[in-house]
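Trainee: Dropping the structure in here first, questions after.
Readers should treat all values here as calculations from the given coordinates under stated rules, not as data from a laboratory. Just so it is clear, the model here is predicted, and its values are computed rather than measured. Backbone-built Cβ (ideal geometry, glycine too); neighbour counts: all protein chains shown.
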Amino acid sequence: MANEIATLYTSYSKALRLWHWSSFIITCLLLITILVSKSFLNWLFVNNIIYEGMAREGIHLQPGQTAGTASLLRERIWAWHTYLGYILGILFTFRIVLEFFQPRDEQMATKVRRAWLQNRNGNRTARKFLIANIIYLLFYILLGTIAGTGTWMAFHKQPQYFETFHAVNKYTRIACFCCFYLSSFTWLV
């Protein structure tokens, strides 16, 4: 029994650890671009700042004249968001490919199968491991949906069909990423 529990806690490969921390950093940067764009670069907020700044310099503009500048700032942030999204998509693809090249004992399917069998025998450690891996799978589904729809939106002129899927409620998205990283912290550190 102790040997079976120990097999759940095998160390992860350097490639998987690199993927994990790279994905964490890119995901954080993506969330920051969303936060900045939706709050600090809100078009009305930025319009007012530009309008007031120009007025201090003695340049009097009509309120609508600052909209182009405000829009340009938001477009630059969304461009960064798009580039980071491409990187996240590449990392997601890397993770899928990596799963096929991992040693059999380190493959997720093998670990989940082993944990499932041990959980049926009442092993609480196996249950914890199984729940963490279910969270991983949910995260991968969410990540694949976001990366796939984001990539589709980047290459098509009328992305409104996929905006709903891509723009999962921001609080749900943040909660999923937090759950993933909190659960994975236990296993990867």
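Trainee: For Ile87 and Phe155, what is the calculated FRET efficiency with R₀ set at 25 Å and r taken between the beta-carbons, to the nearest 0.05?
Mentor: Details: r = 16 Å, r/R0 = 0.63.
So, using R0 = 25 Å, E works out to roughly 0.95.
Trainee: Spin-label point model (7 Å from Cα, Cβ direction): what's the Trp116 to Ile25 distance in nm?
Mentor: Here the answer is 3.6 nm between the modelled labels.
Trainee: Scan segment 47-113 for GluC sites (Glu not before Pro) in coil per DSSP, keeping those whose Cβ has at most 13 other Cβ atoms within 10 Å, and list them by number.
Mentor: Of the GluC sites (Glu not before Pro), the ones in loops of segment 47-113 whose Cβ has at most 13 other Cβ atoms within 10 Å are Glu57.
Trainee: While we're here: Output the direction-averaged projected area (hull surface divided by four) of the convex hull of the alpha-carbon atoms of segment 14-102, in nm².
Mentor: Projected over every direction and averaged, the Cα hull of segment 14-102 covers 6.6 nm².
Trainee: If each of Arg104 and Arg74 carries a label point 7 Å out from its Cα toward its Cβ, how far apart are those two points in nm?
Mentor: 5.5
Trainee: Short version: ³J(HN,Hα) in whole Hz for each residue of segment 118-131, in order, from phi by Karplus 6.51 cos²θ - 1.76 cosθ + 1.60 (θ = phi - 60°), x for Gly and Pro, what are they?
Mentor: Karplus values, whole Hz, x for Gly and Pro: 6, 5, 5, 8, x, 7, 5, 5, 5, 4, 4, 5, 5, 5.
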